[in-house]
Amino acid sequence: MFLKGKCALITGSTSGIGLAYARALAAEGADIVLNGFGDPAEIETLCSELAATSGGRAIFAAGDLTRREGTETMVAAALAEFGAIDILINNAGMQHVAPVEDFPVEKWDAIIALNLTSAFDACRLVIPGMKAKGWGRILFTASAHSLTASPFKAAYVSAKHGIAGLTKTLALELATHGITANCISPGYVWTPLVENQIPDTMKARGLTREQVINDVLLTRQPTKQFVQPEDVAALALFLCRHEARNITGANYNMDGGWVAE
Ligand code: NAD
């Protein structure tokens, strides 16, 4: 259990990839701060499960991260419980699919706020504690869309390219403090986020559900497989290891070969 005594704050961890990170880090002994939306009783059950796995603590820090105050409240709750955060995984994200001229401006604002600005805010709030300890791991769930684009995803692609730049900037700023910053760029991972964008893509492109899955989503992934949340979490776990201390500023694609084309 190489993460015993370390505390990980993972945004958007009540579901999908974020929850897989939480489970993987708890299995190595990390205390966990969950964040995201969901049924309070189910979140309570998840916290109990994670604490039982790690033998430590797992708490929920609420916060709507489309609002700056939401990120500040979440980090304050985490710091009140644990004093400092050792591992921050900026993972919460949302998607909206529409042609740019019809893109609802409120969706643009929400996606930039959640997928990019909240990550900046969480970083600036936890870095002082990491610097004081001389150790830290900052990770981001970016996306293949941090490296390449798709039509109808203007806000998401812009935010994820921003995350790739933020990662590199942090790596340089924090290089001598024992703190690394890296992002993971999955292709399509089978989570509610992907499932929920199928109806909009069907509408935007005039396709059936099967056509969206096979001809839009998996067509980009040469392996013709969805990435699994646990695969992404396994890479994140490696990046938390001592042996990964010189990996910083990297953007790891895990996309079945998508961006190799
Ligand atoms: P998901 O929908 O399963 O989970 C999203 C999480 O974010 C949930 O816990 C949700 O409650 C939380 N969340 C949503 N809005 C929030 C808000 N305003 N404030 C706080 N929390 C909020 O999605 P996922 O697929 O696990 O996505 C996680 C991350 O992975 C996102 O950043 C996404 O862009 C990225 N990603 C996903 C895929 C994929 O194919 N699923 C691919 C590449 C990147």
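Structure summary
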read-out	value
Order by protection proxy (mean Cβ within 10 Å, highest first), peptides 167-174, 134-141	134-141, 167-174
Summed side-chain charge close to residue 38 - residues other than residue 38 whose Cβ falls under 13 Å, Lys, Arg +1, Asp, Glu -1	-4
Qualifying chymotrypsin sites (Phe, Trp or Tyr not before Pro) for region 1-65 [loop in DSSP, other Cβ within 10 Å: at most 15]	2, 37
Charge tally in the Cβ shell below 11 Å around residue 56, where Lys, Arg are +1 and Asp, Glu are -1, residue 56 excluded	+1
Helix 154-174 axis, angle to the chain major axis (alpha carbon atoms, nearest 10°)	30 degrees
Entries of 168/203; 4/133; 168/224; 6/107; 107/224; 133/160 with Cα pairs more than 27 Å apart	168/203; 168/224; 6/107; 107/224; 133/160
Convex hull per residue volume in Å³, alpha carbons only, for the chain	119 Å³
Over the chain: helical MRE at 222 nm, DSSP H runs n ≥ 4 each giving -39500 (n - 2.57), nearest 500	-14000 deg cm²/dmol
Net dipole in debye of the chain [+1 Lys, Arg Cβ; -1 Asp, Glu Cβ; about Cα centre; nearest 20]	700 debye
Ascending count of other beta-carbon atoms within 10 Å, so fewest first, for 4, 153	4, 153
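Values quoted throughout were computed directly from the atomic coordinates according to the rules given, and no laboratory measurement underlies them. Predicted, not measured: the structure shown is a model, and the values here were computed from it. As a convention, Cβ positions derive from the backbone with ideal geometry for all residues, glycine included, and neighbour counts pool all protein chains shown.
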